[in-house]
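Just below is one structure, and these are the notes that go with it.
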Amino acid sequence: LPSSKEHPLCIGFGKNITGDVISCDFNKFPHMLLAGTTGSGKSVFIHSMIMTLISRNSPDLLKLVLIDPKKVEMMSYQDILHLLCPIISDSEQAKVALTKLYDEMEKRNEMFSLSRSGRDIDSYNIWADEHNVDRLPYIIVVVDEFADLVDNCKEVSRCVSRLAAKSRST
């Protein structure tokens, strides 16, 4: 993988047929959907992604929101310092958290505008360093079993759609 200083949100996907590592930075693909049959490796990939992110970033640079409606996959992360909030397993709590993340996104867009630092978090953080202002951490949301979450609370889908539509820069 590329250096964590240059690409702190870079994760590996595996190797191609020539044996080269395939990787990409979340800044280049801010939304990802994993799908597959039972036993196809979705959970293994999610865990490797989370472990890569927390090993490459300190808690002040990266915050995670983990949503696990089945209360099985994410519980091993309950004590890490990278969590923005406790692991969410209730669909109503997920709706509240996603709504708060939307509000945070709007707040960050306003901060970008007021600082005239550009239109993304990296530009803002460079400006923040130059002006002795607190940097903003990256926030990554991981939702396991999205279909189960939406089955229990239809509004979650709308919250995710709102975030996905505008959150790329923030």
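The values are calculated or read from the model by the stated rules, or taken from the named source; none is laboratory data. The structure displayed is predicted, hence computed values, not measured ones. Heads up, the Cβs are rebuilt from the backbone with ideal geometry, glycines too, and the neighbour counts pull from every protein chain shown. All accessible areas refer to the heavy atoms of the entire protein, side chains included, with ligands and DNA or RNA removed. Shrake-Rupley method; radii C 1.70, N 1.55, O 1.52, S 1.80 Å.
Scanning segment 94-114 for residues that are open to solvent by 30 Å² or more (accessible area, probe 1.4 Å), of a type in the set (D, E, K, R) and touching a residue at least 12 places away in the same chain (Cβ under 8 Å) yields a count of 2. Do we find that R119 is at pLDDT below 85 and more than 29 Å from G36 (Cβ to Cβ) in this structure? Spelling it out, R119 is indeed at pLDDT below 85 and more than 29 Å from G36 (Cβ to Cβ).
When you scan segment 125-136, do you find a residue that is under 17 Å from the mean Cα position of the chain (by Cα), over 26 Å from G36 (Cα atoms) and open to solvent by less than 60 Å² (accessible area, probe 1.4 Å), even just one? Yes, that holds for at least one residue. Residues that are within 17 Å of the chain's Cα centre (by Cα) and of a type in the set (A, V, I, L, M): list the strands (runs of 3 or more DSSP E) wholly contained in segment 1-117 that include at least 1 such residues. Hits in segment 1-117: 10-15, 62-67. Looking only at segment 56-72, residues that are open to solvent by 40 Å² or more (accessible area, probe 1.4 Å) and over 15 Å from A147 (Cα atoms) come to 6 in all. Note on segment 118-170: residues that are among the aliphatic types (A, V, I, L, M) and assigned to a helix (DSSP H, G or I) total 11. The residue pairs whose first member lies in segment 128-151 and is closer than 14 Å to N57 by Cβ, whose second member is exposed (fewer than 15 other Cβ atoms within 10 Å of the Cβ) and acidic (D, E), and whose beta carbons are closer than 9 Å, counting only pairs six or more residues apart or on different chains, are R135/D60; R135/D129; P137/D60. Every condition in (1) surrounded by 12 or more Cβ atoms within 10 Å (Cβ to Cβ); (2) farther than 27 Å from A165 by Cα is met by S40 except one, and the failing one is (1).
When S91, S117 are screened for being surrounded by 15 or more Cβ atoms within 10 Å (Cβ to Cβ), of a type in the set (G, A, S), out of contact with any Cys (no Cβ under 7 Å at 6 or more places or on another chain) and over 17 Å from I50 (Cβ atoms), only S117 passes.
A quick yes/no check of all residues on (1) basic (K, R); (2) touching a residue at least 24 places away in the same chain (Cβ under 8 Å); (3) in contact with a strand residue (DSSP E or B) (Cβ under 6 Å, 6 or more places away or on another chain); (4) under 12 Å from I140 (Cα atoms):
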residue	(1), (2), (3), (4)
S23	no, no, yes, no
P30	no, yes, no, yes
G36	no, no, no, no
S55	no, no, no, no
L66	no, yes, yes, yes
K70	yes, yes, no, no
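Here K15 fulfils each of the conditions (1) at pLDDT 90 or above; (2) open to solvent by less than 40 Å² (accessible area, probe 1.4 Å); (3) of a type outside the set (D, E) apart from (2). Selection within segment 140-170: residues that are open to solvent by 50 Å² or more (accessible area, probe 1.4 Å) and under 11 Å from the mean Cα position of the chain (by Cα). The member of this set that is modelled with the highest pLDDT is V141.
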